[in-house]
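These notes concern the structure reproduced below.
The values are calculated or read from the model by the stated rules, or taken from the named source; none is laboratory data. Bear in mind that the values here come from a model prediction, so they are computed numbers and not experimental data. FYI the Cβ positions are ideal-geometry reconstructions off the backbone, even for glycines, and counts take in every protein chain you see.
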Amino acid sequence: MLNAPTPLNEPDRLKTLLDLLILDTPPEQRFDRIIEFARDEFDVPTVLLSLVDSERQWFKSRVGLDACETPRSISFCGHAILQREPFVIEDTLEDPRFADNPLVTGPPHIRFYAGAPLELDPGMSVGTLCLISPEPRRFDATDRAILTALRDAVVQELRNRKAGA
Amino acid sequence: MPGSAPAKRLLLVEPHSLFRSTLANVARQLARVDVQETSSLDAARVALETQRFDGLMLNIGDDLAGLDTLQLLRDGSTINPKNLPTALLAEGVDQTSIDRIREMSPKRLLLMPFKVRTALEVISELMEPGPMEAGATFLRA
């Protein structure tokens with residue numbers, strides 16, 4: 001298994017996240033509606049708004065998962081925040097980076113993952129909007145475009161929240 | 001891009017903001033359609049009276065008020081062709097409403113719930129050149 005790497009700009013990235021004052025806050029309808037929309041659009045059981053903290057990923061909004069956080073080291077989102085575009089693993093068992101990941105070999109038995117990075121400022125990805133399924137699936141250009149548009153909606157809501165709107 | 005045809009123009013009238021913005025953004029990116037979006041029937045009427053479009057996607061609403069806007073178009077009361085290719089979005093319709101909808105010759109009727117992907121496919125059909133089909137095709141995604 002390949003542990004989630006640490007971005008070169010990690011101190012600045014974490015500051016961007018902490019400046020949001022959002023970690024460990026209650027659910028908010030403005031985010032939940034996007035998560036639920038994504039679940040219905042993609043027909044996946046689990047959708048998360050994941051924020052990647054120093055040692056954990058914490059879920060501001062979630063459907064299909066009981067846990068409110070998991071270790072960053074084994075997270076898929078820790079990989080996704082290093083990308084500019086959606087990070088997609090169509091079948092984890094076919095990918096040596098993830099085939100023996102505890103989230104694959106044990107609950108929630110991830111077989112499919114697609115995470116779009118939440119880039120608030122250039123290079124400052126604080127987390128992801130991600131889709132998870134226990135079944136492998138194809139993810140085409142239309143899927144990527146829809147996920148990206150929903151990601152953009154999440155980023156806008158994060159900015160609105162920070163601005164007090 | 002030199003020599004390329006101008007993007008087709010679509011008027012998207014849809015009150016649900018997340019669905020509307022997602023569909024508009026993806027249509028612009030993938031279908032290369034110039035989408036003008038609004039949540040308001042009043043704004044839609046003004047747009048149809050002042051701007052030319054190649055297609056219309058219109059949520060007719062629970063009270064079917066959107067059909068009045070479509071009637072203006074079909075009556076020739078706007079600057080757009082009476083037979084502008086149109087897709088209608090609806091929560092649900094009874095038989096009386098279906099009869100009224102058929103009279104207005106939409107190219108498609110999408111009954112909710114449906115996916116953004118389905119609406120994108122319908123937009124692509126609306127933007128295709130060629131004569132408008134007679135009658136309505138009913139889709140439930």
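Worth pointing out:
- Identity of the residue in segment B:109-126, touching a helix residue (DSSP H, G or I) at 6+ places or on another chain (Cβ under 7 Å) and more than 10 Å from chain A (Cβ to nearest Cβ), that ends up nearest to B:Gly55 (Cα to Cα): B:Ile123
- Pairing residues of segment A:137-165 that are facing another protein chain (nearest Cβ under 8 Å) with residues that are of a type in the set (Lys, Arg), at Cβ distances under 6 Å and at least 6 apart in sequence or on separate chains, gives A:Thr142/B:Arg117.
- Where B:Leu64 falls short, out of the listed (1) surrounded by fewer than 12 Cβ atoms within 10 Å (Cβ to Cβ); (2) in contact with a helix residue (DSSP H, G or I) (Cβ under 9 Å, 6 or more places away or on another chain): (1)
- Condition check for A:Val104: aliphatic (A, V, I, L, M), within 14 Å of chain B (Cβ to nearest Cβ) and over 13 Å from the mean Cα position of the chain (by Cα): no
- A:Leu118 vs. criteria touching a Lys or Arg at 6+ places or on another chain (Cβ under 7 Å), more than 14 Å from chain B (Cβ to nearest Cβ), crowded, with 22+ Cβ neighbours inside 10 Å and not small (Gly, Ala, Ser): yes
- Unique match (being charged (D, E, K, R) and crowded, with 19+ Cβ neighbours inside 10 Å) among A:Arg111, A:Arg84, A:Arg56: A:Arg111
- Within segment A:139-165, the set of residues being part of a helix (DSSP H, G or I) and of a type in the set (Gly, Ala, Ser) comprises A:Ala141, A:Ala145, A:Ala149, A:Ala153.
- Residue within segment A:19-32 that is within 14 Å of chain B (Cβ to nearest Cβ), touching a strand residue (DSSP E or B) at 6+ places or on another chain (Cβ under 9 Å) and not charged (D, E, K, R) present: yes
- Residue count for segment A:62-118, restricted to those that are out of contact with any helix residue (DSSP H, G or I) (no Cβ under 6 Å at 6 or more places or on another chain), of a type in the set (A, V, I, L, M) and without any contact (Cβ under 8 Å) to a residue 24 or more places away in the chain: 1.
- Any hit, segment A:93-100, residues being assigned to a strand (DSSP E or B) and over 17 Å from A:Glu135 (Cα atoms): no
- The listed residues are A:Pro136, A:Pro108, A:Pro117, and the only one of them that is in a loop (DSSP other than H, G, I, E, B) and closer than 17 Å to A:Leu48 by Cβ turns out to be A:Pro108.
- Among residues of segment A:66-86, those that are of a type outside the set (Asp, Glu), more than 17 Å from A:Thr46 (Cβ to Cβ) and part of a loop (DSSP other than H, G, I, E, B), counted: 4
- Taking the conditions (1) surrounded by fewer than 20 Cβ atoms within 10 Å (Cβ to Cβ); (2) within 14 Å of chain A (Cβ to nearest Cβ); (3) at pLDDT 95 or above in turn, B:Arg32 satisfies each one other than (3).
- Put simply, of B:Leu48, B:Leu89, B:Leu56, B:Leu18 the only residue that is at pLDDT 95 or above and within 14 Å of chain A (Cβ to nearest Cβ) is B:Leu18.
- In segment B:58-78, the residues that are in a helix (DSSP H, G or I) reach residues that are surrounded by fewer than 16 Cβ atoms within 10 Å (Cβ to Cβ) with C-beta atoms within less than 6 angstrom, at least six apart or across chains, in these pairs: B:Leu70/B:Met104; B:Arg74/B:Lys82; B:Arg74/B:Met104.
- Test for A:Ile35: is it under 15 Å from the mean Cα position of the chain (by Cα), within 14 Å of chain B (Cβ to nearest Cβ) and either part of a loop (DSSP other than H, G, I, E, B) or buried (at least 18 other Cβ atoms within 10 Å of the Cβ) (or both): yes
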